[in-house]
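The values are calculated or read from the model by the stated rules, or taken from the named source; none is laboratory data. Remember, predicted model here, so these are calculated numbers, not experimental data. Heads up, the Cβs are rebuilt from the backbone with ideal geometry, glycines too, and the neighbour counts pull from every protein chain shown. Accessible surface areas use protein heavy atoms only, side chains included; no ligands, DNA or RNA. Shrake-Rupley method; radii C 1.70, N 1.55, O 1.52, S 1.80 Å.
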2 protein chains.
Amino acid sequence: MATPDQMDRVVNLCKRRGLVFPSSEIYGGFRSTWDYGPLGVELKRNVKDAWWRSMVQLRDDIVGLDAAILMAPKVWEASGHLATFTDPLVDCRSCKERFRADHLPGSGACPNCGAKDSFTEARHFNLMFKTFVGPVEDDAAVAYLRPETAQGIFVNFANIQTTSRKKPPFGVAQIGKSFRNEITPGNFIFRTREFEQMEMEYFVPPGDADHWYEHWCQERLRWHLDLGIPESKLRLRPHDPEELSHYSTATSDVEYEFPWGWGELEGIANRTDFDLKQHAESSGQELTYFDQENDRRYVPYVIEPALGADRATLAFLLAAYEEEDVANGKGGTEKRTVLHLDPRLAPIKAAVLPLSRNERLTPIAEEIAGALRPHFMIDVDSSGSIGRRYRRQDEVGTPYCVTVDFDTLDDHAVTVRDRDSMTQERIPVDGLVTYLREQLPW
Amino acid sequence: MATPDQMDRVVNLCKRRGLVFPSSEIYGGFRSTWDYGPLGVELKRNVKDAWWRSMVQLRDDIVGLDAAILMAPKVWEASGHLATFTDPLVDCRSCKERFRADHLPGSGACPNCGAKDSFTEARHFNLMFKTFVGPVEDDAAVAYLRPETAQGIFVNFANIQTTSRKKPPFGVAQIGKSFRNEITPGNFIFRTREFEQMEMEYFVPPGDADHWYEHWCQERLRWHLDLGIPESKLRLRPHDPEELSHYSTATSDVEYEFPWGWGELEGIANRTDFDLKQHAESSGQELTYFDQENDRRYVPYVIEPALGADRATLAFLLAAYEEEDVANGKGGTEKRTVLHLDPRLAPIKAAVLPLSRNERLTPIAEEIAGALRPHFMIDVDSSGSIGRRYRRQDEVGTPYCVTVDFDTLDDHAVTVRDRDSMTQERIPVDGLVTYLREQLPW
């Protein structure tokens with residue numbers, strides 16, 4: 001069972017083992033931003049690669065894009081973000097603290113100082129970060145950090161369709177940073193002002209939109225399950241009509257049961273032809289598709305699965321985390337912390353562990369490590385007891401430990417230990433790459 | 001020979017084939033920002049992956065990091081960026097245009113309107129983009145978009161050293177976006193305000209700094225050569241003493257001969273202990289290493305190879321670009337445009353080409369494509385003559401074309417054509433993945 005306590009343990013593990021650090025920590029941190037450490041960057045890279053692989057590499061109907069974070073301000077005018085991407089904010093007249101009007105308690109008393117009926121009228125506060133491009137800070141040079149990657153896809157629709165020669169249904173996938181000036185970031189890497197998105201816009205004939213919306217809801221659920229999120233922790237929640245964005249006729253969230261409750265990992269939305277029509281109107285460019293077979297021109301509808309890379313990473317970590325009682329070899333039990341990460345997501349695929357620091361074992365361990373490195377992200381660890389080193393690898397999710405012992409000098413074989421079952425197998429050094437390749441899907 | 005004309009041809013190819021588009025193009029573009037299209041995003045991913053692989057995966061002494069773009073402003077105070085990361089700017093009193101004082105012609109006449117001696121005094125203009133974090137635009141909430149990724153590594157030095165248990169010499173590698181409010185961006189993706197860096201900070205005992213500086217100069221040259229930059233186009237240029245940054249005792253640039261002249265791809269700098277000392281002093285935290293073997297505590301020196309991902313991508317494109325006269329099969333010659341990209345960098349590794357759109361060839365082509373997809377980024381193209389399709393793949397650098405013809409139905413083999421030699425070989429379908437794996441290094 002996920003408990004708030006489990007959240008603390010995972011955050012602690014992330015700090016202690018170099019998965020995620022508070023950003024600018026030596027200066028006391030900075031407004032809920034986080035840095036991915038040596039193991040965290042590998043985990044997040046693997047999450048992003050798994051998404052890219054499933055979206056772009058394994059499919060013939062989806063291509064990639066990497067658009068700039070800074071775009072023409074007219075993009076945000078056309079998309080509606082300048083006018084409506086706002087939170088209603090109120091100030092407490094007594095203590096001057098600022099709150100989201102839609103998150104205030106029913107009592108009408110300030111959550112900070114307790115003053116009653118002390119709030120100002122709600123004002124709309126735009127969530128986009130503003131900056132100035134060029135050497136003059138005037139209105140002409142205003143730019144915004146994109147609050148979503150999707151618009152980079154819509155404004156490139158014609159360029160992409162023409163150069164890739166794809167026909168609807170086809171999609172464009174993109175991974176990149178977005179920025180939202182959230183009033184209340186929190187829950188570790190779940191809600192942050194700077195975050196990474198994995199968004200795909202799937203362009204379809206208008207009449208097929210409902211079909212593809214259903215398809216992508218199921219397809220995206222499958223992706224999370226395939227990479228190790230248990231079914232009991234995952235649900236698809238359709239939005240109520242009043243929850244829907246102005247551009248959407250149907251949206252469902254893929255939610256994960258976080259320690260603090262159900263939270264959105266991914267939204268799948270039928271965005272209709274809203275975005276392409278808005279940009280066509282604002283830019284004066286034609287953003288349509290001419291269907292030669294049926295001799296008709298139309299504005300495609302868009303189905304968008306939009307996943308948060310940081311949230312997905314957090315969900316994989318939480319789902320993988322376990323504290324187990326295991327035999328300690330002395331007739332008793334001891335606790336082991338283990339991340340049962342899918343091997344495709346594990347930061348390190350195999351650890352090479354020479355049984356002891358010894359002039360005969362070290363060279364052969366180095367040789368084995370050298371043979372594995374071109375194929376897998378590996379670690380070499382020679383300090384501490386072998387049991388302690390197993391535990392160190394277990395708690396960061398390394399699927400295989402390769403132990404080099406004195407028998408290796410004679411039989412040219414190593415002991416390969418499985419993270420989850422803790423069973424060990426003797427494997428010839430010559431066959432080690434092949435053995436691990438068979439265990440590790442890619 | 002690289003000529004300005006060649007630059008136009010490459011930019012044109014990039015637009016026409018979906019490698020790089022002007023950002024926000026339907027709105028007339030936006031201040032020298034660029035978007036990577038379907039093929040460009042794959043090329044750039046491969047460049048970044050090649051760097052990460054050489055830095056992090058293949059070495060035991062370097063770990064990765066992914067720090068946030070938004071950091072505590074104190075970071076930029078300590079690093080010196082707030083005070084000194086500036087360009088001197090002057091205005092022309094006559095036409096009001098703004099220029100970099102150090103880039104003005106010797107004649108003293110405005111390059112825009114021709115007015116003589118019309119410039120204002122030079123003022124220092126900070127190159128960092130400023131924004132505001134949180135709901136109030138006051139000084140307390142000011143933040144900057146990082147102008148380099150390096151500082152994210154320095155402020156995490158203690159966290160990384162402790163959690164990764166590495167000892168100097170060891171390094172931390174990072175890939176990520178940086179932002180500089182350049183007055184004069186230009187030359188396509190060479191100088192842009194938003195750009196991606198691949199930086200590695202290598203922490204060494206102070207006495208070993210000169211040795212490691214030399215090591216990394218040679219090592220980085222080797223990396224560019226290994227991935228296909230010809231030796232004649234590459235040079236290492238040591239900075240003159242007056243060119244050196246305030247924090248560096250020695251810097252060399254890896255330069256590529258672009259069509260407009262030699263330009264910096266990468267800088268290798270001995271940053272001394274400047275950054276760690278500055279952050280230790282500003283934060284009050286200890287940023288040192290205790291060398292147990294020699295019983296001494298020291299502040300490591302830092303050797304930094306810092307490469308621009310966009311510049312590297314541009315150099316690989318330019319070096320790979322060729323227009324060749326080839327036999328047209330009718331006794332004459334025709335022109336083919338080809339990107340001789342290293343196969344590791346090629347956006348698409350293999351194209352599957354059914355000889356014609358035919359109900360017997362299509363299913364087998366689909367089957368072959370399906371078998372290749374888990375292993376390689378592939379393309380399937382069935383439109384136009386086979387010669388035209390070869391040319392299409394040549395000009396985006398696809399190393400192998402796999403042609404499915406009517407013989408395939410009988411002999412279960414395909415014709416594999418090599419991009420560079422244009423030779424063809426008959427390969428059994430069953431052995432195709434193995435064959436391509438042998439040709440494609442990873």
Can you compute 3J(HN,Hα) from phi for each residue in region A:428-435, using the Karplus curve 6.51 cos²θ - 1.76 cosθ + 1.60 with θ = phi - 60°, rounded to whole Hz and x for Gly and Pro? x, 4, 4, x, 5, 4, 4, 4
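Write out the chymotrypsin sites (Phe, Trp or Tyr not before Pro) in region A:52-158 meeting two conditions: DSSP loop, and at most 12 other Cβ atoms within 10 Å of their Cβ.
Numbers: sites: A:52, A:76, A:85, A:99, A:119, A:125, A:129, A:132, A:144, A:154, A:157; in loops: A:85, A:129.
Listed in order of number, the matching sites amount to none.
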On the accessible surface of region B:33-150, probed at 1.4 Å with all protein chains in place, carbon and sulfur together account for a percent value of 49
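With every protein chain present, what is the per residue accessible area of region B:1-130 (1.4 Å probe, Å²)?
Numbers: 5400 Å² over 130 residues.
I get 42 Å² per residue for this part.
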Would you mind giving the mean number of other chain beta-carbons within 10 Å of the Cβ of each residue in A:40-52, as a whole number? 3
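How high is the FRET efficiency between residue A:293 and residue B:371 when r is their beta carbon distance and R₀ equals 30 Å, given to the nearest 0.05? Mind dumping the intermediate values first?
Values: r = 29 Å, r/R0 = 0.97.
Taking R0 as 30 Å, the efficiency between residue A:293 and residue B:371 is 0.55.
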May I ask you to report, in nm to one decimal and beginning with the shortest, the distances from residue A:29 to the same position in the other copies, taking label points 7 Å along Cα-to-Cβ? 4.4
Neighbour-limited loop hits for trypsin sites (Lys or Arg not before Pro), region B:29-87 (at most 16 other Cβ within 10 Å; DSSP other than H, G, I, E, B): B:59
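Which order do peptides B:382-394, A:347-359 fall in by mean Cβ count within 10 Å, highest first? Intermediate values should be presented prior to the final figure.
Details: B:382-394: 16.2, A:347-359: 20.2.
In decreasing order of mean packing, B:382-394, A:347-359 become A:347-359, B:382-394.
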Cβ under 9 Å from residue A:376's Cβ, residue A:376 left aside: what net charge do those residues give with Lys, Arg +1 and Asp, Glu -1? +3
Cβ-Cβ FRET estimate between residue A:53 and residue A:438, R0 fixed at 22 Å, reported to 0.05: 0.70
Residue by residue through B:125-132, how many Cβ atoms from other chains fall within 10 Å of the Cβ on average? 4
What residues have an amide H closer than 5 Å to that of residue B:33, excluding those fewer than 5 places away on the same chain, when H is modeled at 1.01 Å from N in the peptide plane? B:23
Once you have the alpha carbon radius of gyration of region A:335-442, what is it after dividing by 2.2 N^0.38 Å, with N set to its residue count? 0.97
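Based on the alpha-carbon gyration tensor of the protein assembly as shown and its eigenvalue square roots a ≥ b ≥ c, which shape applies: rounded if a/c is under 1.5, prolate if not and a/b is larger than b/c, or oblate?
Working: a/c = 1.13, a/b = 1.01, b/c = 1.12.
Note, shape of the protein assembly as shown comes out rounded.
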Compute the distance in nm between two label points, each set 7 Å from the Cα along the Cα-to-Cβ direction, one at residue A:242 and one at residue A:357. 6.7
Tell me the distances, shortest first, between residue A:366 and the same position across the other copies, using label points 7 Å along Cα→Cβ, in nm to one decimal. 5.4
Under the 7 Å Cα-to-Cβ spin-label approximation, residue B:6 and residue B:406 lie apart by a distance in nanometres of 4.4
Give me, ordered by chain and number, the residues 5 or more places off residue B:191 or on other chains with an amide H under 5 Å from its own placed amide H. B:186
Free-standing Cys, the protein assembly as shown [no other Cys Cβ under 4.7 Å]: A:14, A:217, A:401, B:14, B:217, B:401
Which ³J(HN,Hα) values, rounded to whole Hz and listed in residue order, are derived for region A:256-269 from phi using the Karplus coefficients 6.51, -1.76 and 1.60 in 6.51 cos²θ - 1.76 cosθ + 1.60 with θ = phi - 60°, glycine and proline given as x? 10, 7, 6, x, 9, x, 5, x, 6, 9, 8, x, 10, 10
If the label for residue A:114 sits 7 angstrom from Cα along the Cα-to-Cβ line, what are its distances to the same label in every other copy, in nm to one decimal, shortest first? 7.7
Placing each pseudo-label 7 Å from Cα in the direction of the beta carbon, residue B:120 and residue B:16 end up separated by a distance in nanometres of 4.5
Can you list residues from other chains, or at least 5 along the same chain, whose modelled amide H is less than 5 Å from the amide H of residue B:414? B:427, B:429
For a label point 7 Å along the Cα-to-beta-carbon line of residue B:260, residues of region B:84-106 with backbone N under 19 Å: B:87-88, B:98-106
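Give the calculated FRET efficiency between residue A:383 and residue A:422 to the nearest 0.05, with a Förster radius of 22 Å applied to their Cβ-Cβ distance. Spell out each step's value before the answer.
Numbers: r = 21 Å, r/R0 = 0.96.
The computed FRET efficiency comes out at 0.55.
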Whole-Hz ³J(HN,Hα) for each residue in region A:364-380, computed from phi via Karplus 6.51 cos²θ - 1.76 cosθ + 1.60 with θ = phi - 60°, x for glycine and proline: what do you get? 6, 5, 4, 5, 5, 4, x, 6, 7, 3, x, 9, 9, 6, 10, 10, 10
Identity and axial distance of the chain B residue whose Cβ lies nearest the axis relating B to A, Å: B:131, 2
Computed for A with B: buried accessible area summed over both chains, 1.4 Å probe, rounded to 100 Å², at 7200
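If A:196, A:366 are ordered by their accessible area, calculated over protein heavy atoms with a 1.4 Å probe, which sequence runs from highest to lowest? Spell out each step's value before the answer.
On the way: A:196 15, A:366 85 Å².
Ranked list, largest accessible area first: A:366, A:196.
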With a cap of 14 neighbouring Cβ atoms within 10 Å, and only residues DSSP puts in a loop, list the chymotrypsin sites (Phe, Trp or Tyr not before Pro) found in region A:242-350. A:260
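For every helix of n ≥ 4 consecutive DSSP H residues, a contribution of -39,500 (n - 2.57) applies; sum these over chain A, divide by its total residues, and give [θ] at 222 nm rounded to the nearest 500 deg cm²/dmol. Display every interim value, and only then the final one.
Values: 13 runs with 128 residues, N = 442.
Result for chain A, helices only: -8500 deg cm²/dmol.
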Pick out, from A:265, A:345, A:154, the residue whose Cα sits farthest towards the positive end of the charge dipole of chain A, with +1 on the Cβ of Lys and Arg and -1 on the Cβ of Asp and Glu. A:345
Inter-chain Cβ neighbour average for residues B:157-164, partner chain, 10 Å: 5
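Return a whole-number percent for the relative contact order of chain B, with Cα pairs under 8 Å and 6 or more residues apart as the contact set.
On the way: 793 pairs, mean separation 56.3, N = 442.
Once divided by the residue count of chain B, the mean separation gives 13 percent.
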